[in-house]
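First comes the structure, then the notes that go with it.
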Amino acid sequence: MEASELHDSTQSQAITNAGVIARRVIENVARVIHAPDGLLERCVMALLCEGHIILEDFPGVGKTMLAKSLARSLDCEFARIQATPDLLPSDITGVNVYNLQANEFEFRPGPVFANVLLVDEINRALPKAQSALLEGMAERQVTVDGTSRPLPTPFLLIATENSIEQEGTFPLPEAQLDRFLLRTSLGYPTVEQELGILDSQLHGHPLEQLRPVVPIEDLAVLVAAVDDIYIDPLLKRWAVELVRATRELEQVEVGASVRASLALERAVRAWALIAGRSYVVPADVERLFEPVVGHRLVLGIDFAVDAESLDREQLGRVIWEACLARAPRPQPDWDEERFGST
């Protein structure tokens, strides 16, 4: 076997192993959370992309349990912030406190110094408190009294928004929404799933029996493996053209930024890894376009009024089809294996 073939074989095996580890986390979380198809994969995908998630959902569907289950599966630190109008930036980042005995100030870290941070009902916090999270999301650090302090690795922020109560809320600005890798939702479970939830909690919550399945140190290996996923140049160009198409739609006032192209390209690589493939296929782009790009768009006033009767999935389909009309799929008659060839 030549050196190049040995390298390819070793790399392929590393990708396969990383996919197995990622699916192990998904299966473990699924013991607690009855999620719709693909949602747990998206959450693990965000971890692999070192991105953040916004959950727009109804109360009581398991958002907190989802975040706790992810943290416990990785044996990492979890923290929760309940956003309220009186939440201060220092309640998030921490504060310097004067120590009389040591005759100096000492830093007491806030909940942001956790591996998995749940910010519940983020849109109930004042914009000043919301902005305290921006630096951490973008730069993996926070600055308190002029001193920058790095956040732990990994750092996953899961923010929730209540989709039925809008009074007393402060909608996230577009610049902050753009910092989230994806937007998704749990939704209500099916009848069978809800019956399963009742049975599983008959003798206590299943979270109490959940055990770590992947050491937190191994997550860095998974993150690195995403870089080795192959994406055909045609698919990469298609992803960029789809994002650029949002800037030209008459339904959209402000289209997606360049950050959306970066996020989509990284997301489809991570999704392929979780799926057990070493390459991206067109279906990956189609599946992730709305969750990754949809929340970054500012709809035109006239279209927003017309779209009030549509749910998020229907609205996403309208935008997707409009973008697809401007940026058609590349070579739709090709076999998927074609996209795995270099």
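Miscellaneous remarks
- Scanning the range 275-287 for residues that are under 17 Å from the mean Cα position of the chain (by Cα) and buried (at least 23 other Cβ atoms within 10 Å of the Cβ) yields Asp284, Val285.
- The set of residues in the range 175-206 being small (Gly, Ala, Ser) and either free of Cβ contacts under 8 Å to residues at least 40 places away in the same chain or in a helix (DSSP H, G or I) (or both) consists of Ala175, Gly196, Ser200, Gly204.
Residue-by-condition table, conditions (1) under 18 Å from Ala46 (Cα atoms); (2) in the same structural domain as Ile54 (by TED's automatic domain parsing):
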site	(1), (2)
Pro189	no, yes
Leu195	no, yes
Asp218	yes, yes
Arg244	no, no
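- Hey, Gly255 without any contact (Cβ under 8 Å) to a residue 60 or more places away in the chain and in the same structural domain as Val318 (by TED's automatic domain parsing) or not: yes
Residues checked against (1) farther than 30 Å from Leu198 by Cβ; (2) surrounded by 19 or more Cβ atoms within 10 Å (Cβ to Cβ); (3) of a type outside the set (Asp, Glu); (4) assigned by TED's automatic domain parsing to the domain that holds Ile197:
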{"site": "Ser69", "(1), (2), (3), (4)": "no, yes, yes, yes"}
{"site": "Arg72", "(1), (2), (3), (4)": "no, yes, yes, yes"}
{"site": "Pro85", "(1), (2), (3), (4)": "yes, no, yes, yes"}
{"site": "Asn99", "(1), (2), (3), (4)": "yes, no, yes, yes"}
{"site": "Glu106", "(1), (2), (3), (4)": "yes, no, no, yes"}
{"site": "Val112", "(1), (2), (3), (4)": "yes, yes, yes, yes"}
{"site": "Val119", "(1), (2), (3), (4)": "no, yes, yes, yes"}
{"site": "Ala129", "(1), (2), (3), (4)": "yes, yes, yes, yes"}
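- If you go through the range 274-295 and keep only what is assigned to a helix (DSSP H, G or I) and free of Cβ contacts under 8 Å to residues at least 60 places away in the same chain, you end up with Pro282, Ala283, Asp284, Val285, Glu286, Phe289, Glu290, Val293.
- Residue match in the range 208-230 (condition: in a loop (DSSP other than H, G, I, E, B), in contact (Cβ under 8 Å) with a residue 60 or more places away in the chain and in contact with a Phe, Trp or Tyr (Cβ under 7 Å, 6 or more places away or on another chain)): yes
- Scanning the range 231-252 for residues that are free of Cβ contacts under 8 Å to residues at least 40 places away in the same chain and assigned to a helix (DSSP H, G or I), we see that the one that is farthest from Pro154 (Cα to Cα) is Pro233.
- Checking Ser261, Ser257 one by one, the residue that is at pLDDT 95 or above and surrounded by fewer than 20 Cβ atoms within 10 Å (Cβ to Cβ) is Ser261 and no other.
- Among the residues of the range 296-322, those identified as at pLDDT below 85, in a helix (DSSP H, G or I) and crowded, with 16+ Cβ neighbours inside 10 Å are Phe303, Ala307, Arg312, Leu315, Gly316.
- All helices (runs of 4 or more DSSP H) inside the range 1-107 with 1 or more residues being in contact with a strand residue (DSSP E or B) (Cβ under 9 Å, 6 or more places away or on another chain) and not hydrophobic (A, V, I, L, M, F, W, C): 39-49, 63-73, 89-93
The values are calculated or read from the model by the stated rules, or taken from the named source; none is laboratory data. All values reported here derive from a predicted model rather than from experimental measurement. Virtual Cβ from ideal backbone geometry, glycine too; neighbours counted across all protein chains shown.
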